[in-house]
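Readers should treat all values here as calculations from the given coordinates under stated rules, not as data from a laboratory. All values derive from a computational prediction rather than experimental measurement. Cβ: placed from backbone, ideal geometry, glycine included. Neighbour counts: every protein chain shown.
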Amino acid sequence: MATGTTESPTKTGSETDIEKLQAEIQQLRADFGKLIETTRDLARHGFTEAREKARGSAETAWTELTRQAQGVSHEIEERPLISALIAFGFGLVLGLLLSGRRS
């Protein structure tokens with residue numbers, strides 16, 4: 001029986017496998033870092049795009065509201081008596097509904 005210490009081919013293969021795994025782990029870490037940075041950039045871009053869309057929608061809504069208000073103002077100027085009677089009737093009906101008296 002020989003009692004010398006010689007390396008077996010399996011151990012060398014294991015060391016090679018460990019080195020390969022360590023290299024793959026390093027590559028995975030680098031890829032994961034790139035993935036996080038890409039996700040961060042996409043989130044920033046998405047937020048900016050959503051903010052711009054919201055701003056555009058708000059401006060459109062404000063423009064439409066202003067146009068409608070000008071239209072109502074014009075109608076009131078054109079027919080002040082009818083507008084006053086409509087406002088009075090609307091207030092009367094609303095007052096009856098909110099007062100709780102239903103006869």
Residue with peak Gaussian network fluctuation, the chain [Cα springs, cutoff 10 Å], from SER83, SER14, SER57: SER14
Shape category assigned to region 32-99 from the gyration tensor of Cα positions, a/c cut at 1.5: oblate
Exposed-loop-free span, longest in the chain, where trypsin sites (Lys or Arg not before Pro) count as exposed if DSSP calls them loop and at most 14 other C-beta atoms lie within 10 Å: 1-100
Helix 80-99 vs. the chain, principal-axis angle (Cα, 0 to 90°, nearest 10): 70 degrees
Angle in degrees between helix 9-78 and the longest Cα principal axis of the chain, rounded to the nearest 10: 10 degrees
Selected from ASP31, ASP41, ASP17 as most flexible by GNM, with the chain as the system and alpha-carbon contacts under 10 Å: ASP17
Within a Gaussian network of the chain (alpha carbon springs, distance under 10 Å), most fluctuating of PHE32, PHE47, PHE88: PHE88
